[in-house]
1. Would you mind calculating the gained length between N59 and A322 on full extension (0.36 nm times residue separation, minus the Cα-Cα distance), in nm to one decimal?
2. Starting at the first residue of segment 203-219, write each ³J(HN,Hα) from the Karplus equation 6.51 cos²θ - 1.76 cosθ + 1.60 with θ = phi - 60°, in whole Hz, x for Gly and Pro.
3. Give me a comma-separated list of calculated 3J(HN,Hα) values for segment 41-55, in order, Karplus coefficients 6.51, -1.76, 1.60 applied at θ = phi - 60°, integers in Hz, x for any Gly or Pro.
4. Could you give the distance between the Cα centres of segment 263-277 and segment 22-43, to the whole Å?
5. By the scheme Lys and Arg +1, Asp and Glu -1, what is the net charge of all other residues having a beta-carbon under 11 Å from that of D34?
6. Sorted by mean Cβ packing within 10 Å, highest first, what order do the peptides 375-387, 251-263, 146-158 take?
7. Output the 0 to 90 degree angle, nearest 10, between the alpha-carbon long axis of helix 386-397 and the longest principal axis computed from the alpha carbons of the chain.
8. Considering amide H positions built from the backbone, and no H for Pro or chain starts, which residues 5 or more places from G209, or on another chain, come under 5 Å of its amide H?
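Bear in mind that the values in this text are calculations on the coordinates, not laboratory data. Treat the numbers as computed from the prediction; the structure is a model and nothing was measured. Cβ sites come from the backbone with ideal geometry, for glycine too, and all protein chains shown count toward neighbours.
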Amino acid sequence: MQIRFSIIVFLLLPQSIFVRAQDNTIKINAGLYDRVGVPVQSPIPDSVPKGHPFILISNDTNERVPTQSDYSGDAPVVRWMLEQPLYSGQSRSYRFVLVDGFPKRIPRVRATNTNDAIKITVGKLPVLEYNMAIRPSPDETKPHYARSGFIHPIFDPQGNILTDDFPPDHMHQHGVMFPYTKTTFRGQAVDFWNQAAKQGDVTHVNLVGTVTGPVFGGFVAELHHLAFLDTDKTATALTEIWKVVVYQQDELFLIDFTSTQKCATDDPLVLQEYHYGGWAIRGRRNWVKATAGAGFLTSEGKKRDAGNHTRPKWVNIHGPVANGKQAGITVLNHPDNYRFPQPVRLHPSMPYFCWAPMVLGDYKIEPDKPLVTKYRMVVHQGKVNAAKMTELYNDFTHPAVGSTEK
């Protein structure tokens, strides 16, 4: 059976200095929330021919702002990083100027394909790696733990690794992954999470594309959720597209994650009520409960035990890194996600958590009804700043979008 999916293509347009007379004005309104060090976007005016280069000039400073065009959606947009804070109630305008000529661009966010993995960097700083090749089990007597289609490592801006891979206590856990636990497919129980059950797996299938540019970089990949049926046949229950975007920010890393899961056949996947399963992150190996300074914090101010199975807007996992310093990753949950605010599983002793909508009861992923899930990861140094995380959550869920006028 041929698998159909939408290929997402990013188009990057370099900047130029040869200016034409025609221009437009873009206005960004902060609205109710502060905007500091975050990406913003605006529609590309209809008057601009597709593919024609342009520059963006701030009317506040009369200086050019690095931009990057994105034609992957229904309508083309231009993105840039706010060059100065824009606080609640404030606005800023830019001139959108057509140009000729293509001087050399600066690809500040780079996605590099090594054939085994996609490595994303901001400048010279490593951010993350997506594993395309099957990583073999470190235990030769347990080859079923081999896996692909996950993100690890994730680095902080100082180069410390904040995720884990094949942890000895749970070898099936890897950095960022998205397997389900208690499911039914074609009347048979399938566990995609616990590979030791030998009922299912999630694997990388295809690299759709990568993007490198001055404002953002990333990749689009296809994964399959495989069910090992009693008939000794392997069936693809779900196809999945991951779109991962990293922005040009080096004081902290901003990583957007979007998953689109579709039934691969005419049969639904039933997700049964259970206490965990779904999008998960496994933290640094030493971030166990017994380690001083390691733990979780939710948007409601709750920690490991009190926060389990609550429904926060964001969750932070953190702990010590090199030289006694702290670092962590906050995962922001988008209000468009199914059963938002989603319950979260905070493990009582280990450094991992997952967003688990199945805590609230059974549901199905049905044919012709894709399940789209969106999160933003904020990778930070030092102790978590709850007010800053809430500021970034508000921007993620209520983004400032520019409007254009001639």
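1. On the way: separation 263, 0.36 × 263 = 94.68 nm, distance 4.32 nm.
Extra length from N59 to A322 when fully extended: 90.4 nm.
2. Per-residue couplings from phi come out as 9, 6, 10, 7, 8, 6, x, 10, 9, 10, x, x, 10, 8, x, x, 8 Hz.
3. So the Karplus estimates, Gly and Pro as x, are 8, 8, x, 7, x, 4, 6, 8, x, 4, x, 7, x, 7, 10 Hz.
4. Distance between centres, Cα-based: 39 Å.
5. Working: positive: R35, K388; negative: E391, D395.
Charge balance near D34 sits at 0.
6. 146-158, 251-263, 375-387
7. The two axes meet at around 80 degrees.
8. Those qualifying (amide H under 5 Å, at least 5 residues apart or on another chain) are V220.
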